[in-house]
Amino acid sequence: MRAIKLLLGALLLLGGLYILVGEHFAGTSSDATVNARMAVVRAPIEGEVSLSLRGVGSRVGEGESVANILDDRFDTARLNDLERSLGGQNLDLKRVQAQRAALNAARKGYETQVADYQQGRVRQIEARIAEAQAAQEAANARLREADASWKRANELNERGVQTAVALDKARSTSEVAKQDLESARQRANYLRTELASARNGVFIGDSYNDAPFSSQRIRDLDLRIAELSGEEQQIAARLAQTESQIAAERVRVNKLTSAELKARSPSMVWDFLVDDGEYVRRGQDLVRLVDCSSLMVTASVTEALYDGLRLGGTAQFRFYGDDRIFDATITRLGGSGAAGLYANLAVGPSAEHLKRFDVALTVPALAAQAGSGCAVGRTGRVIFTQGPLGAVRAFATRYGF
């Protein structure tokens, strides 16, 4: 019985020594830290800053506001000049439109005056034509009477009853009657021509009246109205150009007088570099954020283990005091003296870390695990090759121990 006890003790002692020595020589990191890239929020403009986040460690989602900057001292002189110019151009446009409306009203008055004169002139010429026709009828009647008197005088002269003087007088009277009739006809033709012209708006006659003056005034007004229409189009074009310049200037002023700074990805506040309400300069750093979408694990290993690692190789990561194991992939072999690689990372390397060889790994499932999201700064261990204790743990887990 005593021999059995000694044998069991020796076996347990040998097993413990095997686990201790095996774990010492297993492929594990000396230290491992959850790390992430830093994002520095800088001021794009000058002004008073208003922070939307109040404490270190505050979480901010993608597109969520981080800070607002307002500059109420920005020079808006150019925008004011453009707005004043726009007001002056609007006044010029209204002036031209009012002048054109007044000229159109005056033109309508002259058009009415010309129409009234034309109607009166047509009626006057029609009355003269009627008078000329009556005179033509009277001349025709006198011609018939003169022809009859000449025929009687000619018959009496042939019988020797009428004297030659009386015959000549009767002949002369007949000729005069013919000329009077022809004159009446020509007078009627002249009046008909004048009537046709008057109906077409062209007035002819021995004297001039108000009609040519009114027509000339209409032509002068048409020329002036055309000039005002051209000027109105030019002012409207300048107005459109000025409005476009004002819109562009307002966009520029808005960009330079106010700015809302948003997070580009899910992040956590790491440090505040300014106080709320402080006046900041353009390009000044405001807030440091940890980019939670860029979580990684940085670890240091011995030279012997480092020489056996390759990019893309697989590993496992486990937090201290936590049994969960996360699959990892080697993404960077930084080697020794890797201080420069940590300039843009949240957690810098320790002095002991820099004495060994740096390795960086991605752990895709890390941020998705409950309670470990954006766990920057937490430490653990990276397992590159399984040791005896890991085999024992896997055996116990497999059989429910």
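At-a-glance table
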quantity	calculated
Test: residue in segment 91-110 that is within 38 Å of the chain's Cα centre (by Cα), surrounded by fewer than 17 Cβ atoms within 10 Å (Cβ to Cβ), of a type in the set (Lys, Arg) and under 23 Å from Gly230 (Cα atoms)	yes
Any pair with Cβ under 8 angstrom, 6 or more apart, that starts in segment 291-311 at a residue that is of a type in the set (Lys, Arg) and ends at one that is surrounded by 15 or more Cβ atoms within 10 Å (Cβ to Cβ) and at pLDDT 90 or above	Arg310/Ile330
Residue in segment 226-248 that is outside the structural domain of Gly109 (by TED's automatic domain parsing), crowded, with 16+ Cβ neighbours inside 10 Å and within 30 Å of Asn344 (Cβ to Cβ) present	no
Those residues of segment 39-56 which are within 35 Å of the chain's Cα centre (by Cα) and either within 14 Å of Asp271 (Cα to Cα) or aromatic (Phe, Trp, Tyr) (or both), in sequence order	Ala39, Val40, Val41, Arg42, Leu51, Ser52, Leu53
Considering residues of segment 303-350 that are basic (Lys, Arg) and in a strand (DSSP E or B) only, the residue farthest from Ala375 (Cα to Cα)	Arg332
Test result for Glu23, surrounded by 11 or more Cβ atoms within 10 Å (Cβ to Cβ) and modelled with pLDDT of 70 or more	no
Which listed residue is assigned by TED's automatic domain parsing to the domain that holds Gly201, under 30 Å from Arg199 (Cα atoms) and in contact with a Phe, Trp or Tyr (Cβ under 9 Å, 6 or more places away or on another chain), from Ala132, Ala139	Ala132
Members of segment 50-73 found to be surrounded by 15 or more Cβ atoms within 10 Å (Cβ to Cβ), more than 26 Å from Ala36 (Cα to Cα) and out of contact with any Asp or Glu (no Cβ under 6 Å at 6 or more places or on another chain), listed by number	Ile69
In segment 241-281, the residues that are touching a helix residue (DSSP H, G or I) at 6+ places or on another chain (Cβ under 8 Å) and among the β-branched types (Val, Ile, Thr)	Thr242, Ile246, Val253
Subset of segment 174-216 (residues that are within 22 Å of Arg142 (Cα to Cα), at pLDDT below 80 and polar (S, T, N, Q))	Ser174
Flag if Ile235 is part of a helix (DSSP H, G or I) and of a type outside the set (Lys, Arg)	yes
Some residue of segment 315-338 being within 30 Å of Lys262 (Cβ to Cβ), more than 44 Å from the chain's Cα centre (by Cα) and hydrophobic (A, V, I, L, M, F, W, C)	no
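The values are calculated or read from the model by the stated rules, or taken from the named source; none is laboratory data. Values in this document were obtained by computation on a predicted structure and should not be read as measured data. Every residue, glycine as well, gets a Cβ built from its backbone with ideal geometry; the counts of neighbours run over all protein chains shown.
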